[in-house]
Amino acid sequence: MSTSTVSATSAAPKKPGGRKKLTLPWIMLIIAGGLALISLVRVISGANDLTSVGQVSGALSLAVPIGLAGLGGLWAERAGVVNIGLEGMMILGTWFGAWAGYQWGPWTGVMAGLIGGAIGGLLHAIITVTFNVNHIVSGVAINILALGFTQYLSNFTFADAAGGSSKQSPRVEPIYKITVPGLSDWMSTLQGKHWFFISDLAGVIGGLVTGLSLLTVVALLLIPGTWWVLWRTTFGLRLRSCGENPVAAESLGVNVYKYKYIAVIVSGALAGLGGVFLSIVASPIYQEGQTGGRGYIGLAAMIFGNWMPGGMALGAGLFGFTDSLKLRGGAENVHAMLLLLAILLVLVVAWQLYKKKYVQAGISAAFAALLFVWYALTDAVPSQFVDAAPYLTTLLVLALSAQRLRMPKADGMPYRKGQGK
């Protein structure tokens, strides 16, 4: 039996209970169902900005850095290395991207940010793979070091530059944005009709073809690219075998250390690219504290997606959409989301009753009733709740999806070369 065949067997075990993976048709069905539900809520609540072109465009812009961080976490954890240091690697990406970008152009900044994040990934790999330090401890240390390091550098680089200060860089030239002529205007017109589902679908399509940064296109292509590399190549099978059973992989001739190093460095580079997006595309300057915890949210999106690129993209899109709500329509849009959450909980109740989980169904029904009452008796929600909505969404989706999750078997486990002998 060949090495690649055995690696494939060890890297892709059957899920407990025979449950299938989240395939592309299922993902598309979930997206269509979610859009129909949001459309229903929009019609009932009158919050027409929920699926407008501007809302979708803003959600995409907010989802991209989260998705890139989640993609970075996926690469590392599929090789068995937990990467809590994604936040620090994003910070390095924001700083190096802006530093090189304002001097030599945005695409040079993109390359510098990739390298900065990759350096953070290399440091994490040295600490965890070579010296076998606890992955969580290493990741937290990198986050702290990256924050302090970039603050120190800013004091004698940006502070003396024209238009900069100790806490922000000079402006970076923007990356070119594309708009599909004709289609963009047509989608905007359809969205303005406020028809059920059709206008919402037009708003989504319009947001994807209006003012789209070239770096956004690159980020979107990295999702299927990651799936193809990790699930359709011998390299990917061997890398994933290191996260499932490194001892068995080593016995078949796989250099486990090499694959772990590659995965964690790529992980850091992707997180760095997410940081570049923040400091060049989302806002054409570096600002201290710019990442705002997106590295951690990216990690949550990866877990929500069950360590799969498609599911991770769904999670990043959900968090980006929720975050965008407070920027457009604010309290009105988040108030409409109360109705959406209540309807979702009703669906959860029906599913739990089908599974004969009566206690869980009762708890879900009680929360659904509270949300319906809250929505009916109020016209807006407090501003504090609006600001906390993305983080509450993170906790909610992780709680609801926790029962179906399956992490790589050797994820975060210590490994020494030759330990299986």
Q) Of the residues that make up segment 78-91, is at least one under 27 Å from R240 (Cβ atoms), open to solvent by 10 Å² or more (accessible area, probe 1.4 Å) and charged (D, E, K, R)? A) yes
**Q.** Enumeration of residues in segment 54-77 that are over 13 Å from A301 (Cβ atoms), open to solvent by less than 10 Å² (accessible area, probe 1.4 Å) and not hydrophobic (A, V, I, L, M, F, W, C)
**A.** Q55
Q.
With the structure loaded, tell me whether V247 is at pLDDT 95 or above and either out of contact with any helix residue (DSSP H, G or I) (no Cβ under 6 Å at 6 or more places or on another chain) or buried (at least 23 other Cβ atoms within 10 Å of the Cβ) (or both) or whether it fails that test.
A. no
Q | Residues of segment 256-280 satisfying the condition of being open to solvent by less than 30 Å² (accessible area, probe 1.4 Å) and not hydrophobic (A, V, I, L, M, F, W, C) | A | Y259, K260, S267, G268, G272, G274, G275, S279
Q) Looking at (1) open to solvent by 60 Å² or more (accessible area, probe 1.4 Å); (2) at pLDDT below 70; (3) touching a helix residue (DSSP H, G or I) at 6+ places or on another chain (Cβ under 8 Å), can you tell me which one M1 breaks? A) (3)
Q: With the condition kept exactly as written, say whether any residue in segment 242-249 is in a helix (DSSP H, G or I), aliphatic (A, V, I, L, M) and without any contact (Cβ under 8 Å) to a residue 12 or more places away in the chain.
A: no
**Q.** Residues located in segment 371-389, provided they are loosely packed, with under 12 Cβ neighbours inside 10 Å and either at pLDDT below 75 or in a helix (DSSP H, G or I) (or both)
**A.** A376, L377, Q384
Q) Out of (1) under 30 Å from V56 (Cβ atoms); (2) of a type in the set (S, T, N, Q); (3) crowded, with 24+ Cβ neighbours inside 10 Å, what's the single condition that is false for S283? A) (3)
Q.
For segment 216-244, which positions are farther than 26 Å from D49 by Cβ and within 19 Å of the chain's Cα centre (by Cα)?
A. V218, L221, L222, I223, P224, G225, T226, W227, W228, V229, L230
Q: Report whether or not L37 is in contact (Cβ under 8 Å) with a residue 12 or more places away in the chain, of a type outside the set (K, R) and surrounded by 24 or more Cβ atoms within 10 Å (Cβ to Cβ).
A: no
Q: Give segment 264-292 a look and list any residue that's of a type in the set (V, I, T) and not in a loop (DSSP other than H, G, I, E, B), or say none.
A: V264, I265, V266, V276, I280, V281
Q: Quickly run through segment 390-408 and pick out the residues that are open to solvent by 70 Å² or more (accessible area, probe 1.4 Å), over 17 Å from S324 (Cα atoms) and modelled with pLDDT of 70 or more.
A: L395, R404, M407
Q: Please work out which one of (1) open to solvent by 10 Å² or more (accessible area, probe 1.4 Å); (2) under 17 Å from the mean Cα position of the chain (by Cα); (3) modelled with pLDDT of 95 or more is the condition W107 fails and give its number.
A: (2)
Q: Confirm whether V346 is in a helix (DSSP H, G or I) and surrounded by fewer than 24 Cβ atoms within 10 Å (Cβ to Cβ).
A: yes
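The values are calculated or read from the model by the stated rules, or taken from the named source; none is laboratory data. Values in this document were obtained by computation on a predicted structure and should not be read as measured data. Every residue, glycine among them, receives a Cβ derived from its backbone with ideal geometry; neighbour counts consider all protein chains shown. For the accessible areas, the whole protein counts, side chains as well, though only heavy atoms, and no ligand, DNA or RNA atoms are used. Shrake-Rupley method; radii C 1.70, N 1.55, O 1.52, S 1.80 Å.
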